[in-house]
Amino acid sequence: MEKRKSSVIFRRIFWILLYAAGCVAAGRIEGLPAVTADIRQAPCVALTFDDGPDRKYTPQLLDGLKERGVKASFFVIGKNISGNEELLVRMKEEGHLIGNHTYSHVQLNKISSEKAREEVEKTSNEIFEVTGVYPSYIRPPFGAWPKQLDLAVTMFLVMWDIDTLDWKSKSISSIVQIVETEVKDGSIILMHDEYATSVEAALKIVDILREQGFRFVTVDEMLVV
Ligand code: NI
C-alpha cells in the first residue's frame, strides 16, 4: 500500500513539474493526464531508441548525435549490456538518458508478476552497476504494462506518439517521411539503434527538424525545458 501511495505522489509531482515547465509530451507517459496547453517557446521533440545497445550501430549513432550536439533516450535490453558496457558509459558521459526495456525483451503482461518484476529489476540493477545511475524511466516491450506492476515498480512508463516502423521498413526515406508528416511539439519518436538505416534516418531527422526550429531533448529534460 505504501509503495502504491508513493508512486502516485511521485507521478503527481512529475506532472506538476511538467506542466509548470510547459513541456508537453505528445507521446504517452503513463500516469500523466493528457495536457494540451503549450507555453514553451521552442517546440521540442525526443528521439528514443529501443532494443540496444548494439555493438555495431549504437557507436555510429552516438558519433552522429555527438557531432550534432543532440541528446537522445536509449531504452536498453538488459541482456545486451554484457560486453557493451562501454557503450552505456559513453551514453551517460555524453548526456543521453538510459532507460529500461526489460532484460530479455519479454511482453510483461504475458508472464507472472514475479517474473515481470525480475525482468525490470535485473535490468535496472545492471544499468546501475555500469553507470552508477539507477534508471527512472521504462519502456515496456510492445508497450504492454500490467497494471499490477505499478505496485512493485515505481518508474515512469514512456510510450511514443510517432512509430517510425524503422525495424520493418528499413527504409531511410520512409522513416523520415513518417516523422516529417506526424511530428509536433512534444513528440516522442520511436526508433531502434540496431539498423544502419535507422541510424542514418535518425541523423537526417535531426538535421531536418532542427532546420524547422525543433529542439531535441531527452524524456527527462521535458521536465526542465
Ligand atoms: Ni523493443
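Here are the numbers for this structure:
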| item | result |
| --- | --- |
| Segment 170-211, dipole about Cα centre (Lys/Arg Cβ +1, Asp/Glu Cβ -1), debye to the nearest 20 | 60 debye |
| In sequence order, calculated HN-Hα J values of segment 130-140 (Karplus, 6.51, -1.76, 1.60; Hz; x Gly/Pro) | 7, 10, x, 10, 8, x, 10, 10, 9, 10, x |
| Set Lys56/Lys170; Lys147/Lys168; Lys66/Lys204; Lys122/Lys184; Lys92/Lys204; Lys168/Lys204 screened for pairs whose C-alpha atoms are more than 25 Å apart | Lys147/Lys168; Lys122/Lys184 |
| Rg followed by Dmax, in Å, when segment 112-172 is reduced to its Cα trace | 14.0, 40 |
| Accessible area of Asp220 in the full protein assembly, 1.4 Å probe (Å², nearest 10) | 60 Å² |
| Segments 97-107, 113-123 sorted - mean Cβ within 10 Å per residue, highest first | 97-107, 113-123 |
| Inter-centroid distance (Cα atoms) of segment 131-179 relative to segment 51-106, Å | 14 Å |
| Probe 1.4 Å, accessible area per residue of segment 115-203, Å² | 41 Å² |
| Portion, in percent, of the accessible area of segment 136-225 that falls on carbon or sulfur, probe 1.4 Å | 52 percent |
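The values are calculated or read from the model by the stated rules, or taken from the named source; none is laboratory data. Remember, predicted model here, so these are calculated numbers, not experimental data. Neighbour counts run over all protein chains shown; Cβ positions are idealised from the backbone, glycine included. These accessible areas exclude ligands, DNA and RNA; they are computed on the full protein's heavy atoms, side chains included. Shrake-Rupley method; radii C 1.70, N 1.55, O 1.52, S 1.80 Å.
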